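The values are calculated or read from the model by the stated rules, or taken from the named source; none is laboratory data. Not measured: the values here are computed from a predicted model. Here the Cβ positions follow ideal geometry from the backbone for every residue, glycine too, while neighbour counts run over all protein chains shown.
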Amino acid sequence: MTVNKLSLALPALGLAAVLLVLGIKPARAAALSPVNNDCAGGSIAFTFDDGPGPNTPAVVQALKELNLKATFFALGNKVDASASNQQVIRDELAAGFAVQNHTYDHASWTGASTGAQPLTEAQLTTELEKTSTALVNAGAPKATLYRPPYGDVNAYDDLIARNLGYRIVMPWGAPSANIVDSQDWTGTSPAAIAANVTQGYTKNGNFYPGIKDGSIVSMHDGEDLTTLNTIAALQPIVDYMNAKHLCSTGSIRADATGGIVPPPAPPQPATGNLVQNPSLETLRATSSSSTEPVCFQQAGASVANNAASWGLTNDAHSGSVAARVDVSNWTAGDRKLVLTQRQSEQSCLAAVTPGKSYSMWAWYKGSWGFSGPSPTKVSIATYYRNAAGAWVYWQSSPLLAPTSAWNLASFSSAPLPAGATGISFGLAIAGPGTITTDDYALAMS
């Protein structure tokens with residue numbers, strides 16, 4: 001977030017000077033208290049956005065004094081703005097901090113926060129690559145992480161970024177995502193920032209917990225008075241960390257999606273795949289262009305409200321068979337190729353264990369409208385068979401992006417409900433479009 005505040009810039013004078021400027025009398029007459037514990041409670045990752053700004057040097061100094069590690073997500077236009085800003089980037093690196101990509105000029109990718117038109121693929125590419133060039137020119141390594149401005153991103157945008165070699169780090173997320181938005185961008189007080197980070201807060205009826213092991217904390221170094229409030233909040237946050245035996249880390253955990261876009265898919269299992277006929281190569285005895293692969297079923301919801309054309313194609317991810325469905329005349333419902341749910345084909349499904357979580361994979365490619373007023377929605381849909389033998393809808397993955405190249409989709413489930421005796425899943429397309437799938441996998445997580 002970018003918030004314009006009263007212009008007030010400090011040199012790198014340290015945390016005590018910032019507190020005095022804000023009229024806050026330090027609780028201690030002696031030195032500040034840095035992170036200094038056994039780290040038994042785990043580690044958290046501090047992140048700072050929108051710099052370099054007038055108070056970024058003061059942020060760097062405060063972090064050093066408090067023994068905190070951090071990652072800075074810089075704006076390319078600010079890096080390019082002056083030699084002094086480029087020196088700030090070098091100072092961040094020299095202090096042991098990471099510097100990553102927050103795009104060039106903080107444009108909303110989807111337009112959700114600004115009302116602007118969504119950016120095109122070419123514009124997204126420019127936003128990322130131009131920023132990485134600015135950082136490299138300032139002396140930083142090529143960025144490998146990115147943070148979308150405002151958190152305005154969808155799976156299609158993220159897939160573009162991933163194909164360019166960037167991994168997402170969201171500034172906020174679902175309540176369970178363990179990404180702690182400090183809300184410093186609102187201009188709130190140091191005490192409120194510290195409380196948001198340590199105790200959590202309620203927003204839109206949802207409670208967002210405070211820091212714990214693995215948390216990513218989102219803050220801002222690129223502002224004026226707002227950033228001074230952030231700096232002043234660091235000492236009480238560190239006091240809490242010491243009490244809870246938390247340390248900080250410069251590493252960003254693998255899944256920093258916030259539950260907003262699908263995480264990068266882990267590799268499919270080399271052994272132990274619970275799916276029979278996973279590559280769809282074995283077809284039913286009655287063969288035609290729309291024949292189902294053995295142990296799979298062409299399925300759908302509200303099929304009277306859409307038209308589907310099923311087919312097999314040799315444009316496969318592996319082998320010579322993949323399954324394709326084209327959906328048209330859509331008003332409701334979905335279509336999907338799933339692991340069979342027919343009573344007569346129970347032997348196709350592997351035994352499963354209630355209380356255990358399962359991971360699912362499928363390779364896909366396809367074309368559908370991903371934006372606009374009525375986007376087509378594609379996700380992994382999961383089902384379980386209950387003790388009575390009935391199939392029950394279970395969960396769905398975050399939405400997947402259209403792609404002309406094969407892409408691996410994955411989803412990890414919640415614990416399987418009590419009494420469940422089987423799992424079925426597939427890629428569901430709800431809306432007009434085309435999807436081709438191949439190489440399914442299922443394994444206990």
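General remarks:
- Residues within region 97-129 that are out of contact with any Asp or Glu (no Cβ under 6 Å at 6 or more places or on another chain) and part of a loop (DSSP other than H, G, I, E, B), tallied: 12
- Top-ranked residue of region 130-165 - restricted to ones that are assigned to a helix (DSSP H, G or I) and among the aliphatic types (A, V, I, L, M), ranked as nearest to I179 (Cα to Cα): A155
- Helices (runs of 4 or more DSSP H) completely within region 36-96 that count 2 or more residues being more than 22 Å from L228 (Cβ to Cβ) and in the same structural domain as T131 (by TED's automatic domain parsing): 76-81, 83-94
- Failed item, numbered, when A285 is tested on (1) closer than 30 Å to A441 by Cβ; (2) buried (at least 17 other Cβ atoms within 10 Å of the Cβ); (3) without any contact (Cβ under 8 Å) to a residue 40 or more places away in the chain: (2)
- Checking P373 against (1) touching a residue at least 40 places away in the same chain (Cβ under 8 Å); (2) surrounded by fewer than 16 Cβ atoms within 10 Å (Cβ to Cβ), the condition it does not meet: (1)
- Region 354-415 holds strands (runs of 3 or more DSSP E) entirely within its bounds, and those carrying 1 or more residues that are modelled with pLDDT of 95 or more and under 19 Å from Q268 (Cβ atoms) map to 358-368, 377-385, 403-412.
- Scanning region 154-169 for residues that are farther than 16 Å from T376 by Cα, under 11 Å from the mean Cα position of the chain (by Cα) and of a type in the set (S, T, N, Q) returns no hits.
- Number of the condition not met by T257 [criteria: (1) in contact with a Pro (Cβ under 7 Å, 6 or more places away or on another chain); (2) in a helix (DSSP H, G or I); (3) within 15 Å of P148 (Cα to Cα)]: (2)
- I260 being in contact (Cβ under 8 Å) with a residue 24 or more places away in the chain, of a type in the set (A, V, I, L, M) and assigned by TED's automatic domain parsing to the domain that holds L124: no
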